[in-house]
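Reading through the C-alpha cells given below for one structure.
The values are calculated or read from the model by the stated rules, or taken from the named source; none is laboratory data. Values in this document were obtained by computation on a predicted structure and should not be read as measured data. All Cβ positions, glycine included, derive from the backbone under ideal geometry; neighbour counts span all protein chains shown.
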C-alpha cells in the first residue's frame, strides 16, 4: 500500500535514542506517527522528530505492577486507540508496552523486541513466560534485531516465520565513523598520549553489570599500568559504582563524566582506543555498532547477539558474561598488540558499513508494516 500518511501508534517504555530513530524513520517513510510512552523515562534530551505527535496517559505514569494497574492502563489505551484511530500499532518491549497493546486487543499489532526482553526476561519466571507467550500470540508480526531474538520468538510462540522481521537496528554511518576527536579527554584527565583508553557507554543498570567492568579494569591495571577507562553513563547503580571506584583506588585511572548527549558520542568514541561492554545480555547492541563504526576494536560478552558481530581475534575479544577475570583477560588481548588492534578496528569499520546501515535495513520493516495495515498477507516476507 501507499505509506503516505499511514497512521501509526508507537508505544514504548520511555523515550530513548532508539525510539527517536524509529519515529524519525516513520516520518521519512511518509507515515504519521503518534508516540505513547509507557513511562516518563527520557533518555534522549532531544525533542521528538518533526512530524511526530505525542499523547500521554491521563492516569499515573508509574510502572504498572498490579493487575489493577494493568486494567487501568488497558482501559486508557482503548480510549487512546479509539481517539487516534491508528492503522497499525507498533509496541515494545514485549513484557511491557507490547503486552499492554495485546491486552487491549489492538490490531494489527507489531511487537518489537529490545533484546533482553526475549533473551533474558522471557524465561525469568513462570508469569514472565505467560506474558511473553500471550503477547506474541496476539501480535500480527514481530520485529527483532538478531537471529537469537528470532529463535526466541519461535520458542515462545506459534507466530509464523514470515511474520518476523530481523535486522540490526543500525547506526548513522555518516556520524559514527573514524576521525579526529574534539573531546580532549587526555588533557582534561592528565593522561598521556601513550595511555590506552577503553570506553564504555552502557547505562549503569543491573543488566549492564558495570560493577563487573570496574572489577575487571582493576585487574587490567595490574598488567597494563597505562590503561585508562572512559566510563560514560549513569543509572540506578551510580552510588554503588562510584563507591566501588573509590574502594579500588581507581579514581586517577577512570574518568566518569556521567551521561553525554548522543550528538557528542562519536567524539568520545574517537578519543578512545577500544570499546568494552560488560552487559550480561545483548541482542544487536547499538553502542557496539557505534564503536565499530568509529573504528574501535571491541570487547563484549560471549552471548546472544554479540556472537553475530564479534569474532575472537578478528575484530575483538569475547568474555564470559558476569566474569570480571575473563573480561580483564579479553581487554588485555585486545590492546596488548597495537598493530593487531588497528587491524581489528579496520575490520569493524568494514563490518559496520556493510551490515549496520539503518537506512538500508529499515525498508524491510516498512514493507511488512504496510502490508499488515492494508490487510495484505505477504507470505514471502522473510528477511
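Odds and ends about this structure:
- Index of the failed condition, residue 294 passing every other in (1) buried (at least 20 other Cβ atoms within 10 Å of the Cβ); (2) within 24 Å of residue 144 (Cβ to Cβ); (3) within 18 Å of the chain's Cα centre (by Cα): (2)
Quick grid of which residues meet (1) at negative phi; (2) at pLDDT below 95; (3) part of a helix (DSSP H, G or I); (4) not assigned by TED's automatic domain parsing to the domain that holds residue 228:
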site: 314; (1), (2), (3), (4): yes, no, no, no
site: 317; (1), (2), (3), (4): yes, no, no, no
site: 341; (1), (2), (3), (4): yes, no, yes, no
site: 378; (1), (2), (3), (4): yes, yes, no, yes
site: 383; (1), (2), (3), (4): yes, yes, no, yes
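- Any hit, the range 122-130, residues being buried (at least 19 other Cβ atoms within 10 Å of the Cβ) and not assigned by TED's automatic domain parsing to the domain that holds residue 346: yes
For (1) buried (at least 20 other Cβ atoms within 10 Å of the Cβ); (2) within 21 Å of residue 190 (Cβ to Cβ); (3) free of Cβ contacts under 8 Å to residues at least 60 places away in the same chain, each residue gets a yes or a no:
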position	(1), (2), (3)
216	yes, no, no
221	no, yes, yes
232	yes, yes, yes
238	no, no, yes
244	no, no, yes
249	no, yes, yes
267	no, yes, no
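- Residue within the range 48-64 that is over 30 Å from residue 371 (Cβ atoms), out of contact with any helix residue (DSSP H, G or I) (no Cβ under 9 Å at 6 or more places or on another chain) and surrounded by fewer than 19 Cβ atoms within 10 Å (Cβ to Cβ) present: yes
- Residues in the range 297-306 that are out of contact with any strand residue (DSSP E or B) (no Cβ under 7 Å at 6 or more places or on another chain) and assigned to a helix (DSSP H, G or I) were compared, and the one that is surrounded by the most Cβ atoms within 10 Å (Cβ to Cβ) is 304.
- Any hit, the range 307-322, residues being buried (at least 21 other Cβ atoms within 10 Å of the Cβ) and farther than 29 Å from residue 180 by Cα: yes
- Here the range 15-29 is the region considered, the condition is being over 18 Å from residue 144 (Cα atoms) and touching a strand residue (DSSP E or B) at 6+ places or on another chain (Cβ under 7 Å), and the residue that is surrounded by the fewest Cβ atoms within 10 Å (Cβ to Cβ) is 27.
- Residue ranges of helices (runs of 4 or more DSSP H) in the range 14-130 with at least 1 members over 19 Å from the mean Cα position of the chain (by Cα): 17-28, 67-84, 99-103
- Single condition residue 139 does not satisfy, out of (1) in contact with a strand residue (DSSP E or B) (Cβ under 7 Å, 6 or more places away or on another chain); (2) outside any helix (DSSP H, G or I); (3) without any contact (Cβ under 8 Å) to a residue 40 or more places away in the chain: (3)
- Lone unmet requirement of (1) assigned by TED's automatic domain parsing to the domain that holds residue 36; (2) at pLDDT 95 or above; (3) in contact with a helix residue (DSSP H, G or I) (Cβ under 8 Å, 6 or more places away or on another chain) for residue 178: (1)
- Taken over the range 313-329, the criterion of being closer than 19 Å to residue 290 by Cα and touching a strand residue (DSSP E or B) at 6+ places or on another chain (Cβ under 9 Å) is satisfied by 315, 316, 317, 318.
- Hits in the range 354-364 (condition: surrounded by 14 or more Cβ atoms within 10 Å (Cβ to Cβ) and closer than 18 Å to residue 294 by Cβ): 355, 356, 357, 358
- Any hit, the range 147-161, residues being modelled with pLDDT under 95, more than 20 Å from residue 257 (Cβ to Cβ) and more than 24 Å from the chain's Cα centre (by Cα): yes
- Taken together, the residues in the range 167-199 that are closer than 16 Å to residue 228 by Cα and either in contact with a strand residue (DSSP E or B) (Cβ under 9 Å, 6 or more places away or on another chain) or assigned to a loop (DSSP other than H, G, I, E, B) (or both) amount to 16.
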